[in-house]
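Comments concern the structure below.
A short reminder: the numbers here are calculations on the coordinates, not readings from a lab. If you're wondering where the values come from, they're calculated on a predicted model, not measured in any experiment. Because the Cβ atoms are built from the backbone with ideal geometry, glycine has one as well, and the counts that use them run over all protein chains shown.
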């Protein structure tokens, strides 16, 4: 098997990639603003004449067909690996969570084959603790594991995003994790609260004024409770004349700084993210004196994790067919 199709089907976005298994190179990509949420809404609107699983797989197959048209070649027989919300209660098929611990090489994660004509599907389930869940991050952890140091010491892996995860790893096992709502709170405060008139997306942390606002907020997060200090975003504009673009980064620094308060002392920290998220968390760690290392891009880790789990599944099955 030289190629496979990587499908990352999140709440708001659908991504399909053709991947070469030899070197992990992405040979083609298709992305649609048609996440699981939109798929469910469309399925409900058509009146339920087919099951949710049948409707979702039909959508997936249409995207495979579109990728074939772009490439000018058939993808018949190429397996599809799905992770993320596809295996959730609102996805194609709900799969049970794997209870911790699980090995960072993917041993123990639930892999579910699904018949689908010429493109068999392999779905990856999520993981859970007694009080928390993840879907999709487990696959990224598997893909990024090779970048973690060989040590018996406990490590902390942070996956930034809308709902960041702080994952504790010891002896190659995921032993615990916590979910934070940092990104979602940022969206709510910046778009649907009194603070929305005081913030505006613009520029990045390479701008000196934005950089200064962000680092100042991270420092303030150590000294003030976030529920009290969030109103400072409003008074920054009213009383100090801070521009909304800088206030945007101030609010980001305030919330990321508050999240990082939860880090245990003396535990090596690694960040698995990409783009703006990774830069923001790296800077926040620097401001707070946290020695953090950056792992390869989260998208690359997802694809690598899917490939590793697919090859593991095929090896266990004793061949190259589902």
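In the Gaussian network model of the chain, springs joining C-alpha atoms below 10 Å, which of 248, 55, 281 carries the largest mean-square fluctuation? Checking each option, the largest mean-square fluctuation is seen for 55. Ellipticity at 222 nm from helices only: DSSP H runs of n ≥ 4 in the chain, each -39500 (n - 2.57), divided by the residue count, give -12500 deg cm²/dmol.
Counting beta carbons within 10 Å around each of 172, 261 and listing the fewest first gives the order 261, 172.
Put in order of Cβ neighbour count within 10 Å, fewest first, the listed residues 179, 131, 276 become 131, 276, 179. Shape call for the stretch 254-298 from the C-alpha gyration tensor, a ≥ b ≥ c root eigenvalues: rounded (a/c under 1.5), prolate (a/b greater than b/c) or oblate? Since a/c reaches 1.5 but b/c is at least a/b, the shape of the stretch 254-298 is classed as oblate. Which residue fluctuates most in the GNM of the chain (Cα springs below 10 Å): 102, 214, 231? Between 102, 214, 231, it is 231 that shows the largest mean-square fluctuation.
Against the chain, whose longest principal axis comes from its Cα atoms, helix 52-71 is set at around 90 degrees.
The angle between the Cα long axis of helix 298-317 and the longest principal axis of the Cα atoms of the chain comes to about 30 degrees, rounded to the nearest 10.
Reducing the stretch 273-303 and the stretch 1-78 to their Cα centroids gives an inter-centroid distance of 28 Å.
Rounded to the nearest 5, the antiparallel percentage of DSSP beta bridges internal to the chain is 65%. Would you mind checking the tilt of helix 244-260 against the longest principal axis of the Cα atoms of the chain, expressed as 0 to 90 degrees and rounded to 10? Its long axis makes an angle of about 70 degrees. Sorted fewest first by neighbouring Cβ atoms within 10 angstrom, 26, 64, 3, 158 come out as 26, 3, 64, 158. A Gaussian network model of the chain, with springs between Cα atoms under 10 Å, assigns the largest mean-square fluctuation among 45, 307, 173 to 45. Note on the chain: Cα-Cα pairs beyond 33 Å make up 33% of the total pair count.
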